[in-house]
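Single-structure report; data block below.
The values are calculated or read from the model by the stated rules, or taken from the named source; none is laboratory data. Because the structure is a prediction, the values reported are computed rather than measured. No Cβ is skipped: glycine too gets one built from the backbone with ideal geometry, and neighbour counts run over all protein chains shown. Note: accessible area is taken over every heavy atom of the protein model, side chains too, but ligands, DNA and RNA are not part of it. Shrake-Rupley method; radii C 1.70, N 1.55, O 1.52, S 1.80 Å.
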Amino acid sequence: MALTQVSSSKCCGGYQKVFEHDSTELKCKMKFAIYLPPKAESAKCPVLYWLSGLTCTEQNFITKAGSQQAASEHGIIIVAPDTSPRGCSIEGEDESWDFGTGAGFYVDATQDPWKTNYRMYSYVTEELPRLINSNFPADPEKMSISGHSMGGHGALICALKNPGKYKAVSAFAPICNPIQCAWGQKAFSGYLGPEKSTWEAYDSTVLAASYSGPELDILIDQGRDDQFLSASQLLPDNLIAACSEKKIPVVFRLQQGYDHSYYFIFSFINDHIKHHAKYLNA
């Protein structure tokens with residue numbers, strides 16, 4: 001699969017790059033960002049996948065989160081894909097910020113007109129890792145996943161649906177129980193159809209309740225002053241209850257005064273990279 005380099009900037013001794021490629025899953029051109037730490041020049045490195053939230057591209061995380069310093073120190077490659085297919089000329093794809101473009105919700109759509117292109121789950125879990133492992137000095141045995149908001153939902157479902165695939169998972173302000181919130185209900189009914197039983201395959205609270213696999217260590221940070229927490233879009237308590245029932249270890253930190261923004265992510269990203277490094281560099 002041919003990769004085209006879009007940009008490259010030296011950062012923290014390594015390189016922050018962006019590439020474009022033709023995606024077989026999404027049937028369109030896709031961009032992803034990749035940070036290559038200094039260690040990648042001489043050895044294979046573990047990979048942390050970062051999934052961004054609603055309206056984001058591959059740019060938001062790499063320009064705002066400040067992840068490169070810790071990734072450089074721990075010798076971790078960070079891959080940040082876009083949040084949806086782009087430019088597919090699907091009627092209605094640009095009509096709302098929380099559905100369609102920039103809002104792929106990390107599911108494989110089953111409904112027309114979305115099902116041909118909107119296959120972000122398979123893109124993130126299958127196509128993208130294959131691409132990274134074959135084109136970069138990545139250790140294919142060592143990957144983990146993190147994300148924010150819609151991307152936190154994505155990270156959690158990817159880890160819970162694929163026991164053992166990801167060495168660790170973390171999330172910032174994730175949408176924990178999408179079948180119970182307005183964002184999730186809008187996205188799932190559009191991408192997956194009216195049959196609510198099909199939605200459960202992409203809900204981390206439901207998935208946690210039936211998880212059986214190797215121990216998964218989950219770190220979640222949530223801002224106490226997050227407007228979407230108070231609007232009942234995120235519902236972390238439901239996930240925590242499901243995890244404690246199944247004895248899945250979760251560190252949940254409610255951070256006083258923080259909101260839903262990248263200022264919040266920037267404040268705690270080092271803790272998350274350290275959490276992943278503990279498992280990726282073990």
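Which order do the peptides 186-192, 264-270, 144-150 take when ranked by the mean count of other beta-carbon atoms within 10 Å per residue, highest first? Don't skip to the end; give the middle numbers.
Numbers: 186-192: 21.6, 264-270: 19.6, 144-150: 28.4.
Those peptides, ordered most packed to least, come out 144-150, 186-192, 264-270.
What pairs in Lys29/Lys196; Lys115/Lys165; Lys39/Lys64; Lys165/Lys247; Lys29/Lys274 have C-alpha atoms more than 28 Å from each other?
On the way: Lys29/Lys196 31 Å; Lys115/Lys165 25 Å; Lys39/Lys64 23 Å; Lys165/Lys247 19 Å; Lys29/Lys274 33 Å.
In this structure, Lys29/Lys196; Lys29/Lys274 exceed 28 Å between Cα atoms.
Relative to the Cα centre, what is the charge dipole magnitude of segment 116-189, using +1 at the beta carbon of each Lys and Arg, -1 at the beta carbon of each Asp and Glu, and rounding to the nearest 20 debye?
Working: 7 positive and 4 negative charges, 27 e Å.
Approximately 140 debye in magnitude.
Check which residues have an amide H placed less than 5 Å from Gln255's amide H, if you skip close sequence neighbours.
Gln222, Gly223, Arg224
Read phi for every residue in segment 21-28 and hand back ³J(HN,Hα) as whole Hz from Karplus 6.51 cos²θ - 1.76 cosθ + 1.60, θ = phi - 60°, with x for Gly and Pro.
8, 8, 7, 6, 6, 9, 6, 7
Which residues' amide hydrogens lie under 5 Å from the amide hydrogen of Leu216, considering only partners 5 or more residues apart or on another chain, with H built in the peptide plane?
none
If amide hydrogens are placed 1.01 Å from N in the peptide plane, which non-local residues have theirs closer than 5 Å to the one on Tyr15?
Residues meeting the amide H criterion: Leu36.
Order the peptides 32-45, 248-261, 118-131 from the highest to the lowest mean number of other Cβ atoms within 10 Å of their residues. Don't skip to the answer; put the middle values down first.
Values: 32-45: 19.1, 248-261: 14.6, 118-131: 21.3.
Highest-to-lowest ranking by the protection proxy: 118-131, 32-45, 248-261.
Between Gln180 and Ser42, take the C-beta separation as r, use R0 = 41 Å, and let me know the FRET efficiency to the nearest 0.05.
On the way: r = 48 Å, r/R0 = 1.17.
After rounding, the FRET efficiency stands at 0.30.
Between Thr101, Gln111, Ala208, whose Cα lies farthest towards the positive end of the dipole of the chain when Lys and Arg beta carbons carry +1 and Asp and Glu beta carbons carry -1, centred on the Cα centre?
Ala208
Specify, per residue and in Å³, the volume enclosed by the convex hull of the alpha carbon atoms belonging to segment 45-163. Let's see the in-between values first.
Working: hull volume 12.6 nm³, N = 119.
So the per-residue hull volume is 106 Å³.
For a bin width of 10 Å, list the pair-distance distribution of the chain built from all Cα-Cα distances, rounded to whole %.
Going from the shortest bin to the longest, the percentages are 7, 32, 38, 20, 3, 0.
Through the Karplus equation 6.51 cos²θ - 1.76 cosθ + 1.60, θ set to phi - 60°, convert the phi angles of segment 194-199 into ³J(HN,Hα) values in whole Hz; use x for Gly and Pro.
x, 6, 5, 5, 6, 5
Would you tell me the accessible area of Ser134, worked out with a 1.4 angstrom probe on the heavy atoms of the protein chains, in Å² to the nearest 10?
Result for Ser134: roughly 90 Å² accessible.
If you wrap a convex hull around the Cα atoms of segment 1-97, how much volume per residue is inside, in Å³? Working shown, then result.
Details: hull volume 10.2 nm³, N = 97.
Dividing the Cα hull volume of segment 1-97 by its residues yields 105 Å³.
In debye to the nearest 20, how big a dipole does the chain give about its Cα centre with +1 on each Lys and Arg Cβ and -1 on each Asp and Glu Cβ?
Numbers: 24 positive and 30 negative charges, 155 e Å.
So the dipole magnitude of the chain works out to roughly 740 debye.
Kindly state, as a whole number, the per residue volume in cubic angstrom of the convex hull around the alpha carbon atoms of segment 126-282. Don't skip to the answer; put the middle values down first.
On the way: hull volume 18.6 nm³, N = 157.
Residue-normalised Cα hull volume stands at 119 Å³.
From the phi angles alone, apply the Karplus equation (6.51, -1.76, 1.60; θ = phi - 60°) to segment 140-148 and give each ³J(HN,Hα) in whole Hz, x where the residue is Gly or Pro.
Each residue's phi maps through the Karplus curve to give x, 8, 10, 9, 9, 8, 8, x, 10 Hz.
Only bridges whose two residues both fall in the chain count here: according to DSSP, what percent of them are antiparallel, nearest 5? Numbers along the way, then the final one.
Values: 24 of 47 bridges.
Among the beta bridges of the chain, antiparallel pairing accounts for roughly 50 percent.
Hey, what's the Cα Rg ratio for segment 198-282 versus the globular rule of thumb, 2.2 N^0.38 Å?
Numbers: Rg = 14.1 Å, N = 85, 2.2 N^0.38 = 11.9 Å.
Output field value: 1.18.
Which percent of Cα-Cα pairs in segment 50-89 sits in each 10 Å bin, short to long?
Calculated over all Cα pairs of segment 50-89, the distribution is 28, 47, 20, 5, 0 percent.
Accessible area per residue of the chain at 1.4 Å probe, in Å²?
Working: 11210 Å² over 282 residues.
Accessible surface, normalised per residue, equals 40 Å².
Based on DSSP H runs of at least 4 residues, each adding -39500 (n - 2.57), what is the mean residue ellipticity at 222 nm of the chain after dividing by all its residues, to the nearest 500 deg cm²/dmol?
On the way: 9 runs with 83 residues, N = 282.
Calculated at 222 nm, the ellipticity per residue is -8500 deg cm²/dmol.
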